[in-house]
Protein chains: 2
Amino acid sequence: MDAFEAITTRRSVREFTDREVTDRELDRLIEAARWAPSGLNNQPWRFMKVTDRSLIEDLSHMTKYRGVVAGAPALMAIFIDADEMYDRTRDLMSAGAAIQNLLLAAHETGMGACWLGEILAKREDVQALLEVPDSFEFVALVALGWPVERERSGVRHPPEKFVVQPPETD
Amino acid sequence: MDAFEAITTRRSVREFTDREVTDRELDRLIEAARWAPSGLNNQPWRFMKVTDRSLIEDLSHMTKYRGVVAGAPALMAIFIDADEMYDRTRDLMSAGAAIQNLLLAAHETGMGACWLGEILAKREDVQALLEVPDSFEFVALVALGWPVERERSGVRHPPEKFVVQPPETD
């Protein structure tokens, strides 16, 4: 699958089979993630692989998307580390780039993934549960597994909606 | 080139040949960008293709990376639109994911790109020059072109630096 195809065919996957995700498979996703660019190459992202059932259960109670989390064989918790911070705005974008790499690598290998943002409303609870350093800011949770087969549509605005014209110059 | 290879071989390119980047080529990058995920699928990103020499020159004076900008045949200015905002933290990460798609699509077609963040220090000047709506927040500039051939190394921390262990459970 070429990169353009991976980019345009990736969809959020919210239902997973019972097949486990191995530690090696998760490491490959992190390998992809770490090649994202970052400001001054500060690499502010931090990753935690979560496959322990009791932690997954506890996390599932911290979001209204409980079913997606509880039904996933693995989760990736993503943080940025204020101790490495260049600038929060730019670091958040770099984290987003790293997460996108992770999602594309998962999709290409046939895995399914869902990037969950709503759980950030429970940031403090998540950080306490996962016992991360105080300098960490929890920024995303990704549910990972092997997709239940079904059609998944993707809807995006047409370019007229989000491509703006530059000003005229003389 | 598969997605994993595109992800791990992409490097920032700061020197471009004289070959132009066509409008069609830029549109394909935007097509890739728009397939990024976003919170509640709000698609907060906005793109402006800049190929006008006088605008490129003016933008080049707003960053200390003047040479990279002035030497690029095309620029992509990226904004998030507060009128579509879900949550600034999550929207910035979505913009980062969209930019990463754009960089990967560029790399796969043989183009080179450099994501510039330092120019955000001149956000107001950039927004005034580009005459964007008040609801827009300028978040990134990407310099685009065809790379001058040379070795480009990429350095990333080893996983021990950024993979954190989950807590022990009973």
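Projecting the alpha carbon convex hull of the stretch B:120-163 along each direction and taking the average yields 6.2 nm².
Rounded, prolate or oblate for chain B? Axes are the square roots of the Cα gyration tensor eigenvalues, ordered a ≥ b ≥ c, and the cut-off for rounded is a/c under 1.5. Oblate is the answer for chain B, as a/c is 1.5 or above yet b/c matches or exceeds a/b. For the stretch B:112-121, putting each phi into the Karplus relation 6.51 cos²θ - 1.76 cosθ + 1.60 with θ = phi - 60° gives couplings of x, 8, 9, 7, 10, x, 4, 5, 4, 4 Hz, in residue order, rounded to whole numbers and with x for Gly and Pro. Net charge in the neighbourhood of residue A:119 (other residues with Cβ under 15 Å of its Cβ; Lys, Arg +1, Asp, Glu -1) is -1. With viscosity set to 1.306 mPa s at 10 °C, what whole-number translational diffusion coefficient in µm²/s follows for the protein assembly as shown from Stokes-Einstein and a Kirkwood radius over Cα pairs? Estimated diffusion coefficient is 79 µm²/s. In terms of the Cα gyration tensor, with a ≥ b ≥ c the square roots of its eigenvalues, is the stretch B:96-142 rounded because a/c is under 1.5, prolate because a/b exceeds b/c, or oblate? Verdict is prolate for the stretch B:96-142.
For the peptide A:28-41, the mean number of other protein chain Cβ atoms found within 10 angstrom of a residue's Cβ is 5. Each copy carries a label point for residue A:161 at 7 Å from Cα along the beta-carbon vector; from one copy to the others these points are 3.9 nm apart, nearest first. Each copy carries a label point for residue B:85 at 7 Å from Cα along the beta-carbon vector; from one copy to the others these points are 1.7 nm apart, nearest first.
Across the stretch B:9-20, rounded Karplus estimates of 3J(HN,Hα) from the backbone phi angles (6.51 cos²θ - 1.76 cosθ + 1.60, θ = phi - 60°) give 9, 5, 9, 5, 10, 10, 10, 10, 7, 7, 4, 6 Hz, Gly and Pro being marked x.
The relative contact order of the stretch B:31-130 comes to 38 percent, based on Cα pairs under 8 Å that sit 6 or more residues apart.
Counts of other chain beta carbons within 10 angstrom of each beta carbon in peptide B:109-121 average 3.
Helices in the protein assembly as shown, meaning DSSP H runs of at least 4 residues, each add -39500 (n - 2.57). Divided by all residues, the mean residue ellipticity at 222 nm is -10500 deg cm²/dmol. Straight-line reach from residue B:161: taking Cα to Cα under 20 Å and skipping same-chain neighbours fewer than 8 places apart, the lysines in range are A:49. Residues whose amide H falls under 5 Å from that of residue B:113, counting only those 5 or more places apart or on a different chain, are B:13, with hydrogens built in the peptide plane.
Label point of residue B:52 (7 Å along Cα→beta-carbon): distances to the other copies' equivalent points are 5.8 nm, sorted ascending. How charged is the neighbourhood of residue A:166? Take every other residue with its Cβ under 14 Å from the Cβ of residue A:166, and add Lys/Arg as +1 and Asp/Glu as -1. Net charge around residue A:166: -4. Where does the charge balance sit around residue A:105 when Lys and Arg score +1, Asp and Glu -1, over other residues with C-beta under 12 Å from its C-beta? Around residue A:105, the surrounding residues sum to -3. Starting from the Cα gyration tensor of the stretch B:74-124, take the square roots of the eigenvalues, sort them a ≥ b ≥ c, and report rounded, prolate or oblate (rounded when a/c is under 1.5, otherwise prolate if a/b is larger than b/c, else oblate). Oblate, because a/c is 1.5 or more while a/b does not exceed b/c. Closest approach of a chain A beta carbon to the axis mapping chain A onto chain B (residue, whole Å): A:96, 1.
Please give the Cα centre distance for the stretch B:104-170 versus the stretch A:1-76, rounded to the nearest Å. If we compute the Cα centre of each part, the gap is 21 Å.
Each value in this text was obtained by applying a stated rule to the coordinates, not by laboratory testing. Given the structure is predicted, the values throughout are model-derived calculations rather than measurements. All Cβ positions, glycine included, derive from the backbone under ideal geometry; neighbour counts span all protein chains shown.
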